[in-house]
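Q: Handing you a structure now.
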Amino acid sequence: MPTAPPSVPDGFIAWIEGLPSSGKTTLSRSVAERLKASGRRVEILDGDEVRQMFSPELGFSRKDREMHARRVSYVARMLARNGVAVLVAMITPYETSRQAARAGVGPRFTEIWLKCPLEVCRQRDAKGLYERSRLGGVARLTGVDDPFEEPLAPDLTVDTGHLSVPEATNQILEHLVAKGFLPPPATG
Ligand SMILES: Nc1ncnc2c1ncn2[C@@H]1O[C@H](COP(=O)(O)OP(=O)(O)OP(=O)(O)O)[C@@H](O)[C@H]1O
Ligand SMILES: [Mg+2]
């Protein structure tokens, strides 16, 4: 009897947005580790890295940020339709970009807002951007001298100002299960 080909789980896109230092890189990595441990194929499209590769000629105007988000969204779709769990970790300051990313995918898309007060982000300052901005070395830092539009319709809001990294990771994984993107954890 011919054996059935192995089934490939459906891909999805989790679009993780928020201010600089709100936790996008940290949480996309911790979620990716957990997904990989369960045997999923995972890719992270992290704003900084992909910007260097996809959009080195772009700056930080609204037009350029939206163009960059469109490029990332296009690649995310190609991966997701081939069964990959795609974690996009990008500030995504404009609602138009979020809605465009969602519209291109349909139901296997979820928007996750890492809601963290600007003051907490400023204190964490994982990459020293806020300090550099204070000293005049960074123009158009989101949240400081460039806008971040509050997301209008995120599927999940994670309070990264108060939660620990493991708590926030679990919240995201539970959300992905609730969306039907991941199987429920085995019990017993
Ligand atoms: N609940 C939490 N979730 C995520 N990060 C947290 C949390 N609590 C504390 N942190 C800390 O906050 C910092 C977040 O930095 P991270 O580089 O992940 O932010 P980012 O959103 O990727 O920023 P950027 O837009 O500059 O790339 C890390 O130092 C992380 O350890
Ligand atoms: Mg980051």
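The values are calculated or read from the model by the stated rules, or taken from the named source; none is laboratory data. As the structure is a computational prediction, the values presented were derived from the model and not from experiment. FYI the Cβ positions are ideal-geometry reconstructions off the backbone, even for glycines, and counts take in every protein chain you see.
Q: Considering every residue within the stretch 2-9, establish whether at least one is within 16 Å of ligand 1 (Cβ to nearest atom) and either hydroxyl-bearing (Ser, Thr, Tyr) or out of contact with any Pro (no Cβ under 9 Å at 6 or more places or on another chain) (or both).
A: Scanning the stretch 2-9, I find no residue that is within 16 Å of ligand 1 (Cβ to nearest atom) and either hydroxyl-bearing (Ser, Thr, Tyr) or out of contact with any Pro (no Cβ under 9 Å at 6 or more places or on another chain) (or both), so the answer is no.
Q: Further, regarding this structure: Mind telling me which of the residues 9, 56, 2 ends up being assigned to a loop (DSSP other than H, G, I, E, B) and in contact (Cβ under 8 Å) with a residue 12 or more places away in the chain?
A: Criteria check complete, one pass: 9.
Q: Do you know which of the residues in the stretch 105-123 that are crowded, with 18+ Cβ neighbours inside 10 Å and part of a helix (DSSP H, G or I) is farthest from ligand 1 (Cβ to nearest atom)?
A: 122
For (1) touching a Gly at 6+ places or on another chain (Cβ under 8 Å); (2) within 25 Å of residue 97 (Cβ to Cβ), each residue gets a yes or a no:
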| position | (1), (2) |
| --- | --- |
| 124 | no, yes |
| 142 | no, yes |
| 155 | no, yes |
| 161 | no, yes |
| 164 | no, no |
| 168 | yes, yes |
| 178 | no, yes |
| 183 | no, no |
| 187 | no, no |
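Q: On to the next question. I'd like to check something: does the stretch 76-90 contain any residue that is of a type in the set (D, E, K, R) and away from ligand 2 (no atom under 16 Å from the Cβ)?
A: Yes, there is a match, as at least one residue in the stretch 76-90 is of a type in the set (D, E, K, R) and away from ligand 2 (no atom under 16 Å from the Cβ).
Q: When you go through (1) away from ligand 2 (no atom under 16 Å from the Cβ); (2) under 16 Å from the mean Cα position of the chain (by Cα); (3) not in a loop (DSSP other than H, G, I, E, B) one by one for residue 168, which number turns out not to apply?
A: (1)
Q: Please indicate, with yes or no, whether at least one residue in the stretch 63-76 is touching a Lys or Arg at 6+ places or on another chain (Cβ under 7 Å) and at pLDDT 95 or above.
A: Yes.
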